[in-house]
Amino acid sequence: DRTFLMLSTPEVCNEVYSMASGVLEGVAQGKSLIDCATLRPEDMRFLEAEVLARGGRFIEAPVSGSKGPAEEGTLIFMMAGDEALAAEVAAELDAMGKASHYCGETGAASKMKLVVNMIMGGMIAALGEGIALSQALALDGAQMQQILEQGAMSSPMLKLKGPNMAEGVHPSAFPLKYAQKDMRFALAEARRAGLALPVSMAASDQMVASMDKGMGDSDFSAVVEALRGARHG
């Protein structure tokens, strides 16, 4: 008996796990939980301990991909923890995704996912600055998009998000508030590792600035909105 979960934040996960008639009340011998949330490594280790204490099995399996890949069955899974369980759920993961990667002991997949999302957050913040500068210089935005798509920086994210950012429309596939949450968690891991990551810190701050303008529930492409109307002499 297997249950897949994908919740938004540590707070929501803790509530859904521990509430009356919640997840943990349904855990017993033979029950397996596959948690696909993007959390901190310590969150996953805590949830695993709670499940194991009740006789269940647990594996973390955060994903790379948002609404589109989920609908298309092209998510990328990062798994850690019970390696035997990872093998047992391979068929289900193949139905939902295009790739699965086993990362090691519990917490490792969360670390991998946070690094992936941190890189993505830095990329989209840089794209936002490029779009803002091109508009301030009265450049042809469509032409710039075409040049970027033809060069080494071309990517699915550029093709999907670039035109929306230029037009200032942000239909939500991955809310900005959750992208910033992942940046915050990644930067906390960097501090634990003794690393200073100024580019990622700046990207996180840019996300916060856009959230302060009411864009938290919009797509993370809305990071560009902090730059609209911002001018420095």
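Pull out a ≥ b ≥ c, the square roots of the eigenvalues of the alpha-carbon gyration tensor of segment 85-210, then state rounded if a/c is under 1.5, prolate if not and a/b is larger than b/c, and oblate in the remaining case.
Values: a/c = 2.44, a/b = 1.50, b/c = 1.62.
Oblate shape, in that a/c is at least 1.5 and b/c is the bigger or equal ratio.
Under a model in which nothing but the beta-carbon of Lys, Arg (+1) and Asp, Glu (-1) is charged, the chain shows a dipole of about 520 debye around its Cα centre. Using a Gaussian network model of the chain in which every pair of alpha carbons under 10 angstrom is joined by a spring, one finds that among 38, 106, 74 the greatest mean-square fluctuation is at 74.
Ligands, DNA and RNA left out, the 1.4 Å accessible surface of segment 1-119 is 54% carbon and sulfur atoms.
When the Cα gyration tensor is reduced to axis lengths a ≥ b ≥ c, the ratio a/c is 1.5 or higher for segment 179-225, and with a/b above b/c it is classed as prolate. For the chain, the relative contact order works out to 16 percent when only alpha carbon pairs closer than 8 Å and six or more residues apart are counted.
Got the relative contact order for segment 153-233 handy, in percent, Cα pairs under 8 Å and 6 or more residues apart? The partial results should precede the final answer.
Details: 76 pairs, mean separation 33.1, N = 81.
The normalised contact order for segment 153-233 reaches 41 percent.
Rounded to whole numbers, the Karplus 3J(HN,Hα) couplings from phi for segment 138-151 are 6, 7, 6, x, 5, 5, 5, 4, 5, 5, 5, 5, 7, x Hz, using 6.51 cos²θ - 1.76 cosθ + 1.60 with θ = phi - 60°, and x at Gly and Pro.
The heavy atoms of residue 228 offer some 70 square angstrom of accessible surface to a 1.4 angstrom probe.
The residues of the chain expose on average 50 square angstrom of accessible surface per residue, using a 1.4 Å probe on protein heavy atoms.
With q set to 0.24 Å⁻¹, the log10 of I(q)/I(0) for segment 141-213, from the Debye formula over equal scatterers at the Cα positions, is -1.09. By a 1.4 Å probe calculation restricted to protein chains, residue 15 has an accessible surface near 110 Å², given to the nearest 10. Here segment 160-233 has 59 percent of its accessible surface on carbon and sulfur atoms, given a 1.4 Å probe and all protein chains in place. Rolling a 1.4 Å probe over the protein heavy atoms leaves residue 101 with an accessible area of roughly 100 Å². Rounded to the nearest 20, the Cβ-based charge dipole of segment 66-179 about its Cα centre (Lys and Arg +1, Asp and Glu -1) stands at 360 debye. For the peptides 154-164, 124-134, residues were scored by their other Cβ atoms within 10 Å and the scores averaged per peptide; the highest-first order is 124-134, 154-164.
The overall shape of segment 43-130, judged from the alpha-carbon gyration tensor, is oblate: a/c is not under 1.5, and a/b is no greater than b/c. When Cα Rg over 2.2 N^0.38 Å is calculated for this entry, the matching label among [x] 1.04; [y] 1.11; [z] 1.17 is [y].
The values are calculated or read from the model by the stated rules, or taken from the named source; none is laboratory data. Quantities reported herein were computed from a predicted structural model and do not represent experimental measurements. FYI the Cβ positions are ideal-geometry reconstructions off the backbone, even for glycines, and counts take in every protein chain you see. SASA here: full protein model, heavy atoms, side chains in, ligands and nucleic acids out. Shrake-Rupley method; radii C 1.70, N 1.55, O 1.52, S 1.80 Å.
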